[in-house]
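As C-alpha cells, the structure follows; a few thoughts come after it.
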Number of protein chains: 4
Amino acid sequence: MAQVFPSFLLDGYRNFMSGRYATERDRYRSLAEEGQRPRTMVIACCDSRSAPETIFDCGPGELFVIRNVANLVPPNGLDTTFHSTAAALEFGVIHLKVEHIVVMGHGRCGGIAGALATSAGHAPEGDFIGKWLTMVSDMANRVQAQSDLSLSEQQTELERISIRQSVNNLSAFPFVKSRVDDGQLSLHGAWFDISSGELWTMNGDSGDFLRPAA
Amino acid sequence: MAQVFPSFLLDGYRNFMSGRYATERDRYRSLAEEGQRPRTMVIACCDSRSAPETIFDCGPGELFVIRNVANLVPPNGLDTTFHSTAAALEFGVIHLKVEHIVVMGHGRCGGIAGALATSAGHAPEGDFIGKWLTMVSDMANRVQAQSDLSLSEQQTELERISIRQSVNNLSAFPFVKSRVDDGQLSLHGAWFDISSGELWTMNGDSGDFLRPAA
Amino acid sequence: MAQVFPSFLLDGYRNFMSGRYATERDRYRSLAEEGQRPRTMVIACCDSRSAPETIFDCGPGELFVIRNVANLVPPNGLDTTFHSTAAALEFGVIHLKVEHIVVMGHGRCGGIAGALATSAGHAPEGDFIGKWLTMVSDMANRVQAQSDLSLSEQQTELERISIRQSVNNLSAFPFVKSRVDDGQLSLHGAWFDISSGELWTMNGDSGDFLRPAA
Amino acid sequence: MAQVFPSFLLDGYRNFMSGRYATERDRYRSLAEEGQRPRTMVIACCDSRSAPETIFDCGPGELFVIRNVANLVPPNGLDTTFHSTAAALEFGVIHLKVEHIVVMGHGRCGGIAGALATSAGHAPEGDFIGKWLTMVSDMANRVQAQSDLSLSEQQTELERISIRQSVNNLSAFPFVKSRVDDGQLSLHGAWFDISSGELWTMNGDSGDFLRPAA
C-alpha cells in the first residue's frame, strides 16, 4: 500500500499556502485558537461540481458541511448504529449552535438519476447505494410514472422534491424542531444548476424554488 | 417556516457568479453536459475550517467529497439501512471510477475531542453523536490512558490513528480492495494543521504522517 | 350602445402614429401594397402580459399571430363548424407559407390554472371556458395528482406539457406534417416567464425547455 | 423535429430584455405577482401588420387579446366542443372583468378577401379556412353582387360589415349582454388602414366608421 500521494493535490496545496493561507494566516490561526463558530450548516451532495464553499464563496470557518450522495437527510428514529447525518446534525445544532441549515441539491445529480433509474428497473450496481436511495424511492416511483414529463424534467422534479423531503426530515429531529420553534434556527432549501450557475432557493411556505432577485 | 435565505450566502453566491463562474463558464457547461469525472474522492470532516476544495485549491469537477463528523469510514458489513459513507464510496469507486481516495483529518477536530471526552467520562450531549463516535472509542480509551501525553498530544494522536483505521476500513470493502489490488485505485491519508496550514501525508507502508517536501 | 371609444386607446394610437408609424411609414406602405409575408406564426395566449410582438421585439409584417386562452392547438379531425385555430393554421401555412410555427406559453397562465382547478373540483365559471380546457384535462388530472409538487410547480409543469401537446397536435394536421417532412416548415415551443422575463425554448427532440445561451 | 429556434426571434428577445423589460422590470414583476387586470379586450386579426399592442402603443398588462383570421366573433349557441373565441370571451368578461371589448379589423384583410373570392367562385385552398369564413358568406355574397363597387371598395365594405356583425354577435352572449346592460362593459369596433396608419372607430349608434379628431 506504499502509494504516493497524488502530486496534483500537493500542487494545489502549495497554491493554497502561497495564496489563500498566506493572505488569511491570521484568520486560520484565530480559528484554530478559538475554535470554529460557523453560523451555517450546509448539507450538500458529494458531487465534484457542487462544493458549497465554492458556490457561496465562503472562507474558512463559515460553513459546517455534510456531504453525502444526493444531499439526503435520512428520517429520524432509525434503529441504526452509525447515523452519519444525524450525528453531524447534532454536532452542528447542539454543539456549534448554527443558525441556519441549508439543504443544497443540484442539477444532473447522479444519485437522483440512480433513484429514477431504479424506478425504471435499472438499479445501480452496488450493495449500499441502492439501499441509500430507497429514501427517495416512493417519490421516484411517482415521478417516474409521469410519462408527460421529459427525462430531464423528471430529474429536476425529483431533485427538488427530495430537498423538500430532507427539509421536512430535518424538522422531525426534536433538537432541530425545538430550536426552529424558538426562532434560533432556520431551515432552507436550495438547488444549484451546474450548467448555468444559477441558484434557486426554496420558499419555506410554498416549497417553490425561485431565483433570488439579482 | 417562511424563512428568508441568509443574505450573506446570497452575497457570496453573487461573488461566485461574477468571479469563478464568469471565468469558468465553459468548464461548468462542459461538466454539466458531459458529467463529472473526478479522479479523486476525499473523505473529510464537516469542520468549517477544512474544506478540501480550499486546501487543495481544486475547481469544479476535481474532487468527489464525503464529509461527516471526524472524517470516519465506518466498517463494512453493518446491518444498516442507510450506510451513508458506503453508499458514497460505491458511487465514487464503482460508478465514477475514481483513482484515489484520500481520508483527510485535521487538527483540533471537535469529533475526536468528543471521543476523548467520552473516554474521560464526559460524553457529548445528543442521541446520535455518541453512537457515531463509538467507531473510535476503543482507540480513544487507549489514547486517553496514556497519561504521559498532554491533552493536545492525545488529540493529535487520535486524529491520526483514526485516519489509519478509516483507510483500513476502506480496504475491507471488497469493491475497494479488488481495485486497489489491480492497481486501479490508491488509498491515502492526510492531516491538516488548521493553525499553521501544514499538510501532513500518511506513508502507506509505515502509517507515519510526514510533511511533503516543499 | 352609443359608447365612446376608450380615450386611453386613442392616446396610445396617437403615440403610435407620431412614433413607430412616423419612422416606419415606408414599411407600412410597402406592407400594404405588397401584402404580408411573415416568416413566422406564433400561437400565443390572450394574456395581456405575453404579447409576442413585444417579447420578440417584432415590427409590422413579422409575426402572424393566433391568440387563444392558454395558447392551445386543438386536435385535427374535429367535426366542428368553426375551427378557429385550424383555419388560421391553414391560412398561415398554406397561403402565407410561414417557415416557423412557435407555440408560446407563459408562466402564471390563467387558463392552465383553470384546468388545474377543474381537476381539483373547482371548475371556472362559464359555459365555454370549461369545454375549451378539456383539451388539457387528462394531463391536468395527472399533474394535479402529483401531491409531491407545489401548486406553482404543477402549474409550470402543465404549462409546458400542454405546449408539447400543442406542438404534437400541429404535426397531426396533414398540411403541416407534409411541409415539416419536406423541410419547409419547422415547429417550436417556447415558454415565457412573466416575472423574470426569461424565455425558455423547447428542445424538439427531448421536449425539454431550456434557456438559450445569452 | 430537432429544430433550432429561429435566431431572429432570439435576437428580438434580447432587444426586449435589454430594452423594454429592463426599463419595466418592476411592472413585469408586479404583473406576475398580482396577476393581470386588463381593462380592455381586443379581438383582432392574425395579420402580421395589425398587432393591437403596436397600434395602441400598449404595454404589458393592458390588453387581453384574441386573434383569429379576420377578427371574427362566431355566433353564440354553437354545438361545438372547442369554441375558442367564446372561451376567451368568458375568461376576459367573467373572470377578468374587462370594461371594454374592441373588435379591430383592418384593411387588405386576407380572410375577408378569401370570403369575397369564395363568393366569386374561387374558394381558398384548405379544409378549415373555408368553413371559418362561412360566418361572413351571406354578407360577402351581397357585397360581391354590388357590381357598382370596385374590388377594393367591396373589400373595405365587407371588412366593416363584418366588424358590425361581430359586435352584434358579442351582444348575443348573455354574459356579455347583461354586463353591457348594467353599464359595466362597453363594446366597440375599429378599423385600421395599414397603408396610411389611420384608425377609424365605429359609432355604436349608427355603425358608421369615422376617424376620431386628431
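The values are calculated or read from the model by the stated rules, or taken from the named source; none is laboratory data. This is a predicted model, so every value here is computed, not measured. Note: ideal-geometry Cβ built from the backbone for every residue, glycine included; neighbour counts use all protein chains shown. To get the accessible areas, we keep the full protein, side chains included, count just its heavy atoms, and leave off ligands, DNA and RNA. Shrake-Rupley method; radii C 1.70, N 1.55, O 1.52, S 1.80 Å.
B:GLY204: farther than 25 Å from B:ALA87 by Cα and at the interface with another protein chain (Cβ under 9 Å from one of its Cβ atoms), yes or no?
Working: farther than 25 Å from B:ALA87 by Cα: no; at the interface with another protein chain (Cβ under 9 Å from one of its Cβ atoms): yes.
It is false that B:GLY204 is farther than 25 Å from B:ALA87 by Cα and at the interface with another protein chain (Cβ under 9 Å from one of its Cβ atoms).
Could you please find all residues in the range C:158-198 being modelled with pLDDT under 95 and more than 29 Å from C:HIS95 (Cα to Cα)?
C:ASP193, C:ILE194, C:SER195, C:SER196, C:GLY197, C:GLU198
Would you list the helices (runs of 4 or more DSSP H) that sit entirely within the range B:1-79 and hold 2 or more residues that are closer than 18 Å to A:PHE56 by Cα and of a type in the set (Gly, Ala, Ser)?
On the way: elements: B:7-16, B:25-34, B:52-55.
Of the helices (runs of 4 or more DSSP H) lying wholly inside the range B:1-79, those with at least 2 residues that are closer than 18 Å to A:PHE56 by Cα and of a type in the set (Gly, Ala, Ser) span B:7-16.
When you scan the range A:1-24, how many residues do you find that are among the basic types (Lys, Arg) and more than 7 Å from chain B (Cβ to nearest Cβ)? Steps first, please.
Going residue by residue through the range A:1-24, those that are among the basic types (Lys, Arg) are A:14, A:20.
Restricting the remaining residues to those that are more than 7 Å from chain B (Cβ to nearest Cβ) gives A:14.
Of the residues in that region, 1 qualify.
Looking at the range D:169-189, which of the residues that are within 7 Å of another protein chain (Cβ to nearest Cβ) and touching a Ser or Thr at 6+ places or on another chain (Cβ under 9 Å) is nearest to D:ALA44 (Cα to Cα)?
D:HIS188
Being touching a Phe, Trp or Tyr at 6+ places or on another chain (Cβ under 8 Å) and open to solvent by less than 10 Å² (accessible area, probe 1.4 Å) is the filter here, so list the residues in the range B:197-214 that pass it.
Within the range B:197-214, the first condition is being touching a Phe, Trp or Tyr at 6+ places or on another chain (Cβ under 8 Å), and the residues that meet it are B:197-203, B:209-212.
Listed by number, the residues that qualify are B:GLY197, B:LEU199.
I'd like the residue in the range C:25-61 that is among the hydrophobic types (A, V, I, L, M, F, W, C) and at the interface with chain D (Cβ under 7 Å from one of its Cβ atoms) and, out of all such residues, is surrounded by the fewest Cβ atoms within 10 Å (Cβ to Cβ).
Pass one, the range C:25-61, residues among the hydrophobic types (A, V, I, L, M, F, W, C): C:31-32, C:41-46, C:51, C:55-56, C:58.
Okay, now just the ones that are also at the interface with chain D (Cβ under 7 Å from one of its Cβ atoms), so C:31-32, C:46, C:51, C:55-56, C:58.
Details: C:LEU31: 23, C:ALA32: 20, C:CYS46: 31, C:ALA51: 27, C:ILE55: 26, C:PHE56: 27, C:CYS58: 25.
The extreme case among them is C:ALA32.
Can you confirm whether the range A:113-126 contains a residue that is buried (at least 23 other Cβ atoms within 10 Å of the Cβ) and of a type in the set (Val, Ile, Thr)?
no
Please find, within the range A:141-196, the residue that is most open to solvent (accessible area, probe 1.4 Å) out of those that are closer than 28 Å to C:VAL143 by Cβ, of a type in the set (D, E, K, R) and free of Cβ contacts under 8 Å to residues at least 40 places away in the same chain.
A:ARG142
Among the residues of the range C:1-24 satisfying the criterion of being out of contact with any strand residue (DSSP E or B) (no Cβ under 8 Å at 6 or more places or on another chain) and among the hydroxyl-bearing types (Ser, Thr, Tyr), which is least open to solvent (accessible area, probe 1.4 Å)?
Looking at the filtered set, the residue picked out is C:TYR21.
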